[in-house]
Structure formats: structure tokens, C-alpha cells
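Below is one structure, written out as C-alpha cells, with a few remarks after it.
The values are calculated or read from the model by the stated rules, or taken from the named source; none is laboratory data. In this text, all values refer to a predicted model and were calculated from it rather than measured experimentally. Note that we place each Cβ from the backbone using ideal geometry, even for glycine, and neighbour counts take in every protein chain shown.
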Amino acid sequence: MRKLSVSVLKLTSCSGCLNEVLYSLVARAELLRYLNISYFTELQDSNAIEDVDVAIVEGSIVNSEQEELVKQVREKSRVLIALGTCAVFGGVQSLRAGEDLRTVVLASYPNPDHIKVLPEVKSVDSVVNVDYRFSGCPANGEALARFLVKLVMGGSESPIVESLCSECKRKGILCVTVFDGKPCLGPITLSGCGALCPSFRRGCYGCYGLNALIVDREKLEEFSKVVERLGMSREDFMAMLKAFSYSSLTKSSSSR
Amino acid sequence: MSRMLGEYFEGSVLLLENLILALKEQGLRVLSYKLEGDLPVIGEVSRLSDLLIDYTDIQSPGSYRLAKEVKGVFRHTQYSPKHLLHYPTQVIYEISDDFEIIRTKDDFPPSVLFGIKPCDLAAIEVLDKVLERDDVYQARRARIEYIVVEECVEPGGTCFCGSIGTGPAVAKGYDIAYARLGDQVLFKVGSEKGLKLVEKVGLTPASDETLRRYNEALNEARRKASRIPPFNVVVRALEDVAVAEGFWREASARCVGCTNCNMVCPTCFCTEFSDYADLSGKAWRERHWFGCLSFTYGQVAGQHFRPELFMRYRHFVLHKFLFYQRQVGLPGCVGCGRCITWCPMGIDLREVVSRAVGYVGR
Ligand code: SF4
Ligand code: SF4
Ligand code: SF4
Ligand code: SF4
């Protein structure tokens, strides 16, 4: 086992994912001993981006500075991890995509001149190659910590791509769609959260992002009819997709 | 015929309580379909009123409701005996820091499966063979001391066991079977152990009249549960359409690959491993259910056996109807209808395999 040098980059995001990771790391003092954190905007003053083993990137890209920064970090890291739905899919700020930028900015900031944003919201992998993805809003900090343990030990992990329903069923949760007739986005959403919403007998709203390796446009259309029949408006459905799966909607996914 | 007659008994529905108590007296845990809050699950019961005796499950593609009604007819739920015998998620062993493999201790107590359905029993028979060399499953299976089956006088909305031949009655593999005919219950004895139990509970031999009613009810149920062409016809048709890509693209057009069908199917046995470690040197291997409809299933280093969803859907159906036969000599689909009811898209396997019969490729 050897120490890993790590840089942690925060782009446009709420820091919720990094907080989750911090909680998990704090509970694992033994892992922290093997991590040499060389760059972390929220913990350190250093602004120098050095060569590292692992770069963890939270957030999506909304201006050209961020794009440059991510490219630099990619060049200087052996393994790049996209952390959270913002990094993997664009995240909630994608809701503004397609809207008039000035109106959006003015809605929140009195002086819009300080805000430098592009009309588009980009996921990290639309700009650089990503090695591992941990989506989720927020991401599962435990999953990332377990993965870091493996990296420290010289190992790795093959991602398992399945829908939330797999996880939900393994947990023994009675299906809220079939049993309660509640709309649930689990069937088209990536697993990883531990079926949190269904375990409270609520429908999933898709915060881990679309299972785009399977769900193409036609399937999405078919699925939308099912949730609509169960009472979710098309508008709400589209808003959830945009908020948590934006980058996969703009890609023309092939039929899987 | 007269010897068989001697194996039929009858009694009031309340005698089921005596049966449960007699089993519990032997120190056995009795497992059955029951309610947990308002949720139909499978788990430990201790008296007749724990059973879903006054409930009816209303099942249709993509929908399940439970109705409370006196003398209801309960079939099954999302869960099946698979949940008890082949755990959804479990750590199967740990590896110590000096590389010793420590098997996880299994504390499954001696148990009884009570009131499971004929299709459930057929599914256990399949799992017994498929998981023949799985010592985790076998250890648990060996602790099932009795199997008490409830035969179905009224099939559910998605049942089709009659076409497969796995229900609504049982022929072997059980200790006691019973069928509810109103307030009367007809009991069938399937083993020496079962016979001893029946004697203890004080059942009387069934009258000709009860037997006649039983046969009538079961024949009617078999007719109702024959909702697809007979199994052999379906098998031949599926052999013919096996390579007809258009058929499978159409059949899976609405499928979103969510794997609910895999998870609820009482004969789906596939698992995936996840390894975990902590830095103290301890590592452990977790085994969990894994569905062939998911993307990663069929993925191997650098390649994918079934990259498109229609291929995986086709695999699911052909495995159930053709390949299990070759693997273990039994149909892999027992006709329980769970994959139809619990599919959020309401995709109906009965329709798909029925369409295969007489399908002319375009
Ligand atoms: S509750 Fe939602 S996530 Fe769970 S199985 Fe049903 S549809 Fe899938
Ligand atoms: S499939 Fe047959 S045996 Fe199973 S519950 Fe339905 S009627 Fe009963
Ligand atoms: S449950 Fe239905 S939608 Fe989900 S994988 Fe199975 S057939 Fe497809
Ligand atoms: S394939 Fe469907 S109907 Fe057949 S045994 Fe499995 S869940 Fe039941």
C-alpha cells in the first residue's frame, strides 16, 4: 500500500457531494493516513495544481475558466473521478439551459456583470475523459470511500450498471409503483443510493441520473406514459430529467 | 384409487391453526405469506390469523392491490421462497489478514414453509437443482423441515401455471397440501412425516362429496390458469423465433431493462460478487442478486455478450422456456406471473410467448 496524492476540484455545485465524502473520510481515519491531499479549495489555500494520482471533480462546467481548469487537472492526474450528478450529468443548474441567460442571472444576482456563465451546462466527461463516475445528488460518500480504499491497496473496481429497481428489490422494498400506484423513476435511474426514497415509500425522482445505456428516446417516451398515468405531469417528469440527467438527454443515445 | 383416497383428509379451516401450532411445538419456525403493517411479505407467523386468510391479491400487469374480504383468496406477493433460501444480499466469506477464508455463519433456524403455492414449490425444485453445488443455499434448504402447500382453487390475475403444468395442484415434493373449499379444507398427504402430523392434528378422512368438490374446483382452476398455449407448443415456437431479431425487438420495445422481472422471479438465481476491504487487512465478499436485463450482465473484459437490450430480453425468455430444460430438465418458468405483475411497464410475458406461436417473421 502506498500513499495516494489527491486533488479535489469543485466546479459549479453545492458542495453537498464533497461534504458526503468528508463525512465518510472522517469516519475512516486509517484511510486518511494514505491520502495526501494536495489541492482542495475548501480545505487549503494552495492554488497550485500538481501532478497527482487521483483527481476528484465535483460540479459541472458553466464557463471557460472551469473548462480550462478541468483540462489542466486531467493532464495532471492518473485517475479522474467525476463526483456527483453535476459532474456526471450537469446537475440541477442544467434547469436553466435553453432559458434566456440574462433573465436567469438577474433572477439571483443584483449585479449580473460579475457572473461569467456560458449558455450551456457541461458535464465533466463532455470536456475530458473520466475514469470513474459516482453520480448522485448528493453522491454516496461511502461508495467513494470504499473505492479509495481499493485504490490505496493497488486495486480498482468495475462499475455495475443497473437500474435503481435492482437495488430496491434486493433491499426487499415493496414496489411503490406496482403496490401503491405512485410514480417512481427507479426503473430508468442508475442504482447507488440504496433506494432511499422507495424505502420511505416515496417514488424515486431520478437524482442518480438516467440509465442511458438502456433508456433511449423511444423508451423514455414509453416510460413517460407510465408515470403520467400514475399522476406525474409531463412537465414535472421533464424537469426531473433535465435536473438530473441533462447531459445524457442532449447526447443522441443509441438503442440499447 | 382407494389407497389415494386414504391420503385425503378434511377439516374446518380452523384446523390450519392446529397444524401451525403442532409445527411450532416441534420448535420449528413457521414461514408464510403474511402482512407487515399493510404490506404483504413472507416471514414468520405464529397463528392462523397471521396468514392472509381474509385477503385477496388483485394482480394485473404492472399492478398489485390487496383487498380485505372474508374468505379471500390469496396467491402470492413480490416475495417468494427464493427470498428466504437464496438471500438477496449476503456476505459469503471474509478473508482475514493472514489470508484465511472464514465462511459466514448462517443462523437459519429449522423452519417450515407454510401455505406456499404449487408454483412456489415448482420454483424451489428448480433452485434445488440449479444451486445443487451452492453450499449456502443447500445448508438453508436442509433446514426446511416441512413444506405445506396451499393449492389454488382460484388462480390470480397473472397466473398461468396450468399451461406449464406446475399448478394449481401439487403432485410431489410436499409434506402436506391443502385446498380451501369455503370453510372446509381438503388435506393431501405427501410424505410419512406429513401423515404423522395429520394424525396428530386430528383430521378426518375426506368424504366423497368433499373430494368431488375439490376435483371440480381444481379442474376449473387449471382451466383458468391455462392462459397461454401448452408449454411444449410454446417451446417449439420459441425455438423457431429464437433468431428472429424483429420478434425480440418488438417484444422488448417497451422494456426499460429495470430487472424487476429478474428480481421477483422465483427461479432467477443469478448473482454478482462485490469485494470489499478495509485497511486493517480484512476483506469480505458480498454476493447479491443480479438481473440479466441489466446492462452489466453479459459484460466481460473488453466485450459484451448481449450489448443490446432486446438480446438480454430474449435471453431472459429463452432461458426460462428453453435453457433451464437443458440445464436441469425442468421448465425455468413456473407460470407464477410475478414478472408480469411487478413489471412497472406492465410487459406481459404471456402475450410475448403466445405471440411466438404462429409468428411469421417479416
Ligand atoms: S419502488 Fe421504484 S425503484 Fe423500487 S422497484 Fe418499484 S419502481 Fe423500482
Ligand atoms: S401460478 Fe398457479 S400455483 Fe401459482 S399462485 Fe397462481 S394459480 Fe396458484
Ligand atoms: S420488469 Fe419489465 S421493464 Fe423491467 S426489465 Fe423486466 S420486462 Fe423489462
Ligand atoms: S418467468 Fe415470470 S411467470 Fe415465469 S416463473 Fe419467472 S416470474 Fe414467474
> Considering only segment A:167-212, how many residues are in contact with a Leu (Cβ under 9 Å, 6 or more places away or on another chain) and either aliphatic (A, V, I, L, M) or within 10 Å of chain B (Cβ to nearest Cβ) (or both)?
Replying inline: 19
>> Are there helices (runs of 4 or more DSSP H) fully within segment B:272-349 with at least 3 residues that are more than 16 Å from ligand 2 (Cβ to nearest atom)? List them.
In response: B:309-318, B:324-328
> Just one of B:Cys333, B:Cys339 is in contact with a helix residue (DSSP H, G or I) (Cβ under 7 Å, 6 or more places away or on another chain), within 14 Å of ligand 3 (Cβ to nearest atom) and within 12 Å of chain A (Cβ to nearest Cβ); which is it?
Replying inline: B:Cys339
> Considering only residues of segment B:256-277 that are in contact with an Asp or Glu (Cβ under 8 Å, 6 or more places away or on another chain) and surrounded by fewer than 24 Cβ atoms within 10 Å (Cβ to Cβ), which is farthest from the other protein chains (Cβ to nearest Cβ)?
Replying inline: B:Phe273
> Given the conditions (1) within 15 Å of ligand 1 (Cβ to nearest atom); (2) surrounded by fewer than 19 Cβ atoms within 10 Å (Cβ to Cβ); (3) within 9 Å of chain B (Cβ to nearest Cβ), and given that A:Glu157 satisfies all but one, which numbered condition is not satisfied?
Replying inline: (1)
> Considering segment B:225-269 alone, what residues qualify as being more than 25 Å from the chain's Cα centre (by Cα) and within 16 Å of ligand 1 (Cβ to nearest atom)?
Replying inline: B:Arg254
> Is it the case that B:Val241 is in contact with a helix residue (DSSP H, G or I) (Cβ under 7 Å, 6 or more places away or on another chain), over 21 Å from A:Gly192 (Cβ atoms), among the hydrophobic types (A, V, I, L, M, F, W, C) and more than 16 Å from ligand 4 (Cβ to nearest atom)?
Replying inline: yes
> Just wondering, is there one or more residues in segment A:51-59 that are touching a helix residue (DSSP H, G or I) at 6+ places or on another chain (Cβ under 7 Å), at pLDDT 90 or above and part of a helix (DSSP H, G or I)?
Replying inline: no
> B:Asp97 is checked against (1) assigned to a strand (DSSP E or B); (2) within 14 Å of chain A (Cβ to nearest Cβ); (3) surrounded by fewer than 18 Cβ atoms within 10 Å (Cβ to Cβ); (4) not β-branched (Val, Ile, Thr) and fails just one. What number does that condition carry?
Replying inline: (1)
> Taking helices (runs of 4 or more DSSP H) that fall entirely within segment B:106-217, which contain at least 1 residues that are polar (S, T, N, Q), over 14 Å from the mean Cα position of the chain (by Cα) and on the phi < 0 side of the Ramachandran plot?
Replying inline: B:135-142, B:161-164
> In this structure, is B:Glu151 modelled with pLDDT of 95 or more and closer than 14 Å to B:Tyr8 by Cβ?
Replying inline: yes
> Is it true that B:Asp175 is modelled with pLDDT of 95 or more, out of contact with any Asp or Glu (no Cβ under 7 Å at 6 or more places or on another chain) and more than 16 Å from ligand 3 (Cβ to nearest atom)?
Replying inline: yes
>> Please go through (1) more than 14 Å from every other protein chain (Cβ to nearest Cβ); (2) surrounded by 14 or more Cβ atoms within 10 Å (Cβ to Cβ); (3) of a type in the set (A, V, I, L, M) for B:Ala253 and return the number of the only condition it doesn't satisfy.
In response: (1)
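Scan segment B:325-352 residue by residue and report those that are more than 19 Å from B:Val256 (Cα to Cα) and within 13 Å of ligand 4 (Cβ to nearest atom).
B:Leu330, B:Pro331, B:Gly332, B:Cys333, B:Val334, B:Gly335, B:Cys336
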>> Here is a check on your reading of the model: is B:Arg338 away from ligand 1 (no atom under 16 Å from the Cβ), charged (D, E, K, R) and farther than 30 Å from A:Leu32 by Cβ?
In response: no
